[in-house]
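Single-structure report; data block below.
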Amino acid sequence: MIATLQNKMETVSSSDINKTLKLVTRYAWVGTGMLFLCYSYFVGAITFKVISQEALQQANKTLISSMGDQEQAYLQKQVQLNESYASSIGLVKGTAVAFAVAKPAVAWNVGQ
């Protein structure tokens, strides 16, 4: 049995070993390249996600600031809104307003 193993080991040439090593090396490089591409993709995705969130936060701050400016302008204008201002722009005093009163939808005394 040992003799058969020695015969098989002698028949294996160094070119077969070199082919195997080249194949293993090639797969290792391809695997490393694929892992690097996956790593680059995930790092890029995380980076661009953070950038988009920062842009969204900045847009939100700008919008809140604009809303504050509009509210301040409205409150300043509200002080000027009175009856004399309304008549100066051509509005006239209205007549008395009559309000409607809600009545129940069901009559309780039906059939009595």
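Worth a mention:
- Single unsatisfied condition, Asn60 versus (1) of a type in the set (S, T, N, Q); (2) surrounded by 10 or more Cβ atoms within 10 Å (Cβ to Cβ); (3) at pLDDT below 95: (3)
- Within segment 70-96, the set of residues being surrounded by 10 or more Cβ atoms within 10 Å (Cβ to Cβ) and either acidic (Asp, Glu) or in contact with a Lys or Arg (Cβ under 7 Å, 6 or more places away or on another chain) (or both) comprises just one member, Glu71.
The values are calculated or read from the model by the stated rules, or taken from the named source; none is laboratory data. This is a predicted model, so every value here is computed, not measured. Positions of Cβ are generated from backbone atoms using ideal geometry, with glycine treated the same way; all protein chains shown enter the neighbour counts.
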